[in-house]
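Structure record follows, encoded as structure tokens.
The values are calculated or read from the model by the stated rules, or taken from the named source; none is laboratory data. Everything numeric in this text was worked out from a predicted model, so none of it was measured. Positions of Cβ are generated from backbone atoms using ideal geometry, with glycine treated the same way; all protein chains shown enter the neighbour counts.
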Amino acid sequence: MDTLKSAVDARREDLIALTRALIRIPTLNPPGLHYLDICEALAARMEPQGWRVELIRAQGAPGDSENYPRWNVICTHDAGRPGDTVHFNSHHDVVEVGHGWTRDPFGGEYVPDEDRIYGRGACDMKGGLAASIIAAEAFVATHPDHAGRIQISATADEESGGYGGVAYLAEHGHFADVQHVIIPEPLHKDRICLGHRGVWWAEIETRGRIAHGSMPFLGDCAVRHMGAVIDEMERTLYPLLAGKQTAMPVIPDGARNSTLNINSIHGGAREPEEGYTGLPAPCVPDRCRIVIDRRFLIEEQLDEVKAEVAALMERVRAQRASFSYEIRDLFEVIPSMTDRDAPVVRTTAAAIERVLGIEAGYVVSPGTYDQKHIDRIGKLKNCIAYGPGVLNLAHQPDEWIGVRDMLDSAQVMALVLADLLVTNPDSPARPGMA
Ligand SMILES: [Zn+2]
């Protein structure tokens, strides 16, 4: 175990260089830039070391086009002995830069005094990708004849739903022979993320009838109808949701309840274009729409979640003459939570204890990530998120990753490989590891 830990630490400079190089490829999503560049950079690193490399374009997936092809890469190390496959999956896309940076977002700047690397994607999640590569390389160097297979994938579009990335790979059978998945998202080096809450996005439209604004009694105001809907949400739905608590260890604490956000509201005339100096025209709005974002718990069923809103709309209808509406589903994700006794969870918890000398924490993410596709499409429950970095820094200006955190979590990942692919390859699910 000490040999393996030192093999990781010996790669410190390489880890810094690799992380900086990955940040310097601006894989912005949207629209999906430089996906092939980052996949080829990884291929160029892994192939000469004897890894098999597959470059896979998610042809026809949402977002895939000739201008913005959705490229993914899977690198596999197989020493030719039977055993399980351990798959590290990182997304290679990053979100927009936004305002407020004091560092070059794509400079990959390393600040020695802080021992941090700055840049968009440093923490979410090129640092995690680099850590998993260093972990795997250190493991292969110390255990060249390991059992089973190690896979490292870098996949597209996690930030926009993962359909051109993990979902596509899962649909095309790339997780069929995988037994363990670790997603190195920035959940902190001492915590295991077991899964995420569920999601239902929907658009609700209220309908009225257009008329002259000076004679609103001749029309029917869709915005007033929507006001009644939102009022009913305040009076009945929000209190109901506040009372629903989950046993899932969701972080932060506020996300242990069911939540509902109203993402947007639009009704009546369009917003005038910038620079327009005229007045608006007087009309009674005949349409009003809101988009709701309902996050639900493993204790709830999606159809119950939808039924609550449908019942609410019917209560409003009963109180308002001429009220009509439509609810359109936009997006849904079932909650996912891996069992604490799953082999990858037990192995990672034991490795955290051995590297950091503390007990692993268990968390569940308030939002979703690619685990949903591995669970639902790939039919694999033995999956966690575990990686270096501070979740709150994701998508922020001056995003950074600590080098010591990357090394520590790379040690944890290397020990996980040793446990799953060396000690007893025939029985990876055994309890009581040393
Ligand atoms: Zn991420």
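The set of residues from the stretch 279-337 being in contact with a Gly (Cβ under 9 Å, 6 or more places away or on another chain), among the acidic types (Asp, Glu) and within 22 Å of Glu234 (Cβ to Cβ) comprises just one member, Glu300.
Please indicate, with yes or no, whether at least one residue in the stretch 266-275 is under 25 Å from the mean Cα position of the chain (by Cα) and part of a strand (DSSP E or B). So far as the stretch 266-275 goes, no, none of its residues is under 25 Å from the mean Cα position of the chain (by Cα) and part of a strand (DSSP E or B).
Of all the numbered requirements in (1) more than 16 Å from the ligand (Cβ to nearest atom); (2) within 22 Å of Asn382 (Cα to Cα), Val199 misses one, and that requirement is (1).
Could you say which residue among Leu169, Leu129, Leu187 is away from the ligand (no atom under 15 Å from the Cβ), assigned by TED's automatic domain parsing to the domain that holds Thr85 and buried (at least 24 other Cβ atoms within 10 Å of the Cβ)?
Values: Leu129 fails: away from the ligand (no atom under 15 Å from the Cβ); Leu187 fails: away from the ligand (no atom under 15 Å from the Cβ).
From the options Leu169, Leu129, Leu187, the qualifying one is Leu169.
Of all residues in the stretch 250-265, those being part of a loop (DSSP other than H, G, I, E, B) and buried (at least 17 other Cβ atoms within 10 Å of the Cβ) number 2.
In the condition set (1) touching a residue at least 40 places away in the same chain (Cβ under 8 Å); (2) away from the ligand (no atom under 15 Å from the Cβ), Gly162 is compliant with all but (2).
Being over 17 Å from Gly121 (Cβ atoms), crowded, with 24+ Cβ neighbours inside 10 Å, within 16 Å of the ligand (Cβ to nearest atom) and of a type in the set (Gly, Ala, Ser) is a property that does not hold for Ala136.
In the stretch 283-306, which residues are in a loop (DSSP other than H, G, I, E, B) and out of contact with any strand residue (DSSP E or B) (no Cβ under 6 Å at 6 or more places or on another chain)?
Going through the stretch 283-306, the residues in a loop (DSSP other than H, G, I, E, B) turn out to be 284-286, 297-301.
Residues satisfying the conditions are Val284, Leu297, Glu299, Glu300, Gln301.
With respect to Val223, determine if the residue is farther than 21 Å from Ser365 by Cα, at pLDDT 95 or above, assigned by TED's automatic domain parsing to the domain that holds Gln319 and in contact with a helix residue (DSSP H, G or I) (Cβ under 8 Å, 6 or more places away or on another chain). The answer is no for Val223.
The single residue among Ser160, Ser132 that is under 26 Å from Ala255 (Cα atoms) and of a type in the set (Ser, Thr, Tyr) turns out to be Ser160. Number of residues in the stretch 357-410 that are assigned to a loop (DSSP other than H, G, I, E, B), in contact with a strand residue (DSSP E or B) (Cβ under 7 Å, 6 or more places away or on another chain) and away from the ligand (no atom under 14 Å from the Cβ): the value is 4.
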